[in-house]
Amino acid sequence: MSADEISKARNNFADRNPQSRKYFDEARKFLPGGHTRTVLTHAPFPLVFVSGEASTLKDSDGHVYIDMIGDYTAGLLGHSEHRVIDAVTAVLKTNVSVGGIHPAEARLAKLMCDRFALERVRFTNSGTEANLMAITTAMQATGRSKILVFHGGYHGGILYFASGAAPWNAPYDFVIAPYNDEVETLKLIRVNASSLAAVIIEPMLGSGGCVPADPKFVDAVFSAAREVGAVIVADEVMTSRHGSCGMFNLLGVQADITTFGKYIGGGFSFGAFGGRADLMDQFDTSPEANRDKVISHAGTFNNNISSMTAGCVVLGEVFTADVAIAHTARGDEFRKSVATVLARHKLPVSVSGFGSMMCLHALTEAPRSAVDVAKRDSVLQELLFFGLLERGIYIAPRGMINLSLPLTDDQLAIVLDGLDDTLKSVADYQG
Ligand SMILES: Cc1ncc(COP(=O)(O)O)c(C=O)c1O
């Protein structure tokens with residue numbers, strides 16, 4: 001088996017999906033590349049979905065898939081969570097856009113502060129914006145300019161460090177440290193001690209391949225950042241779903257500012273950043289605060305009614321702390337079952353992750369860093385993706401899997417069988 005197999009897999013895919021191809025060919029005339037979200041694309045063209053129900057998706061050629069991407073963690077609730085849909089539908093009958101304050105805003109703020117141990121919180125439209133605002137908060141508070149980030153980290157389209165800093169990143173003065181490498185990271189924190197405004201860190205490289213942080217590494221980074229007076233920004237845009245209040249809590253640490261996004265908006269656009277009152281109160285414009293200096297934080301849709309209402313239902317009713325704990329345990333169990341399936345085969349395929357987020361890698365051992373992830377066998381990786389698609393299982397082209405709440409045990413069993421069958425079909429792969 002060789003790279004020719006890729007052409008065969010792509011051709012089979014194209015033959016099976018003429019309507020998606022037709023849509024895509026038309027879309028490319030108006031949208032560069034036919035899309036507005038790069039992660040969704042792959043060769044020869046991505047599927048076009050027309051509907052979803054619970055944990056399944058239907059494409060424009062009529063195929064139904066078990067949705068194992070869960071919209072890159074934003075789709076935690078699946079495609080038809082009626083508690084959210086009903087609440088948003090009801091509120092939209094009273095008002096679509098206020099241009100003022102709406103009660104759901106403070107209600108969601110309270111829910112977030114209580115759940116994630118934040119003293120204050122502010123809303124944005126996306127996780128990217130939340131991180132940009134967290135960086136601003138840290139820079140203004142410290143009067144410093146440097147931001148320590150990690151190789152393989154992803155904090156948004158313009159805060160992208162998959163292989164070093166992307167050339168299109170926002171123009172901050174970044175220092176890039178190796179993830180899970182305590183010695184080198186501490187050196188960089190100390191060398192830049194007097195100019196370091198913030199350290200921004202994910203508890204698990206999410207987009208970077210579901211690579212969990214070593215608890216000892218996290219402890220060391222938090223202590224060193226505190227020693228030099230840098231603000232610790234925890235990016236939990238993906239990982240706040242783990243445990244009762246996020247993955248850093250499970251690692252026993254609390255950041256100065258935490259950023260959020262994805263599933264909390266219940267499918268609507270969402271972002272938030274919050275944490276220590278002394279940092280967040282830089283945004284306090286009230287006469288009582290009587291501050292000489294305030295940071296102005298604009299954003300027409302920051303408090304949009306749909307996202308605020310949906311967020312209240314998500315945190316208050318659907319994804320309560322107990323549900324979150326159970327979902328994390330379910331994810332851990334499923335990942336173990338995936339590893340058991342992989343162990344039946346002699347192929348260099350491994351699984352990494354934590355709780356309900358995981359990633360399949362065409363690598364013998366699960367990666368510990370972005371350097372490891374970059375060594376994946378790209379041909380085998382793509383064969384896995386197409387093999388699963390053919391069997392009605394939709395995972396991310398890069399191997400990511402995020403369990404949604406409505407996935408049934410039967411569906412998870414089908415996915416394990418589909419994975420086993422896919423691995424059998426590529427058993428002769430030589431690399
Ligand atoms: C860890 C992390 N931070 C930030 C973001 C950016 O969020 P958004 O896509 O809502 O801008 C993402 C998105 O995937 C993410 O995974």
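Every number here is computed from the coordinates shown, using simple stated rules; none is lab data. Since this is a predicted model, take the numbers as computed values, not measurements. Here the Cβ positions follow ideal geometry from the backbone for every residue, glycine too, while neighbour counts run over all protein chains shown.
How much FRET efficiency would the formula 1/(1 + (r/R0)^6) give for GLU317 and THR285, where r is the Cβ-Cβ distance and R0 is 35 Å, rounded to 0.05? Computed FRET efficiency for GLU317 and THR285: 0.65. Protection proxy ranking, highest mean first, for peptides 88-97, 39-48, 289-298: 39-48, 88-97, 289-298, where packing is the per-residue count of other beta-carbon atoms within 10 Å, averaged. When each of the peptides 200-213, 62-75 is scored by how many other beta carbons lie within 10 Å of its residues on average, the order from highest to lowest is 200-213, 62-75. Electrostatic bookkeeping for LEU279 treats Lys and Arg as +1 and Asp and Glu as -1; over the other residues with beta carbon under 15 Å from its beta carbon, the sum is +2.
Relative contact order of the chain: 21 percent, from C-alpha pairs under 8 Å at least 6 residues apart in sequence.
Counting only aspartates and glutamates at least 8 places from LYS293 when in the same chain, those with an alpha carbon closer than 16 Å to its own are ASP278, ASP281, ASP284. Using C-alpha pairs under 8 Å with a sequence gap of at least 6, the mean separation divided by the residue count of the range 38-112 gives a relative contact order of 18 percent.
Compared with the alpha-carbon gap, the fully stretched path from THR94 to LYS293 is longer by 67.9 nm at 0.36 nm per residue.
Look at the alpha carbon pairs under 8 Å that are at least 6 residues apart: their mean separation over the length of the range 1-145 gives a relative contact order of 12 percent. If you look at the Cα atoms of the range 46-139, you get an Rg and a Dmax of 17.4, 51 Å.
Summary of the geometry: the range 38-62 and the range 372-402, compared by the centres of their Cα atoms, lie 15 Å apart.
How high is the FRET efficiency from ALA343 to VAL39, r the C-beta distance, R0 30 Å, rounded to 0.05? Working from the Cβ atoms, E equals 0.55. Each residue of the range 363-375 was assigned a 3J(HN,Hα) from its phi angle through the Karplus expression (A = 6.51, B = -1.76, C = 1.60, θ = phi - 60°), giving 8, 4, 10, 4, x, 10, 7, 5, 5, 5, 4, 5, 8 Hz with x at Gly and Pro.
Expressed as a whole percent, the proportion of Cα-Cα pairs in the range 285-431 lying more than 21 Å apart is 56%. Taking amide H atoms as placed 1.01 Å from N in the peptide plane, the amide H of ALA162 lies under 5 Å from those of GLY152, each 5 or more residues away in sequence or on another chain. Taking only Cα atoms of the chain, what ratio of Rg to Rh do you get with Rh as the Kirkwood inverse-distance radius? Radius of gyration over Kirkwood radius for the chain works out to 0.97.
Measuring between alpha carbons in the structure, the pairs from LYS346/LYS424; LYS146/LYS187; LYS8/LYS29 lying more than 18 angstrom apart are LYS8/LYS29.
Classify the range 82-318 as rounded, prolate or oblate, taking a ≥ b ≥ c as the square roots of the eigenvalues of its Cα gyration tensor: rounded when a/c is under 1.5, otherwise prolate if a/b is larger than b/c and oblate if not. Since a/c reaches 1.5 and a/b is larger than b/c, the shape of the range 82-318 is classed as prolate. Separation of the range 115-156 from the range 174-225 is 15 Å, based on Cα centroids.
When a footprinting reagent is the concern and you count Cβ atoms within 10 Å, what order do GLU236, GLU317 take, fewest first? Don't skip to the answer; put the middle values down first.
On the way: GLU236 28, GLU317 13.
Exposure proxy ranking, most exposed first: GLU317, GLU236.
Subtracting the Cα-Cα distance of VAL371 and ILE325 from their residue separation scaled by 0.36 nm leaves 13.4 nm. Ranked by the mean number of other Cβ atoms within 10 Å of their residues, highest first, the peptides 225-231, 13-19 fall in the order 225-231, 13-19. Counting charges near VAL39 (Lys, Arg +1; Asp, Glu -1) among other residues having Cβ under 15 Å from its Cβ returns a value of +2.
Amide H to amide H distances under 5 Å link MET400 with LEU360, where only residues 5 or more positions off or on other chains count and H is placed in the peptide plane.
As a rough footprinting exposure proxy, the listed residues LYS336, LYS187 were ranked by other beta carbons within 10 Å of their own, and the order from fewest upward is LYS336, LYS187.
As a calculated quantity, the FRET efficiency between LYS187 and ALA413 at R0 = 41 Å, using C-beta atoms, amounts to about 0.30.
When both the range 287-364 and the range 233-261 are represented by their alpha-carbon centers, they are found 9 Å apart. Coupling constants for the range 64-79 follow from the phi torsions by the Karplus curve (6.51 cos²θ - 1.76 cosθ + 1.60, θ = phi - 60°), and in residue order they are 10, 10, 7, 7, 9, 8, x, 6, 6, 5, 6, x, 3, 7, x, 9 Hz; glycine and proline get x.
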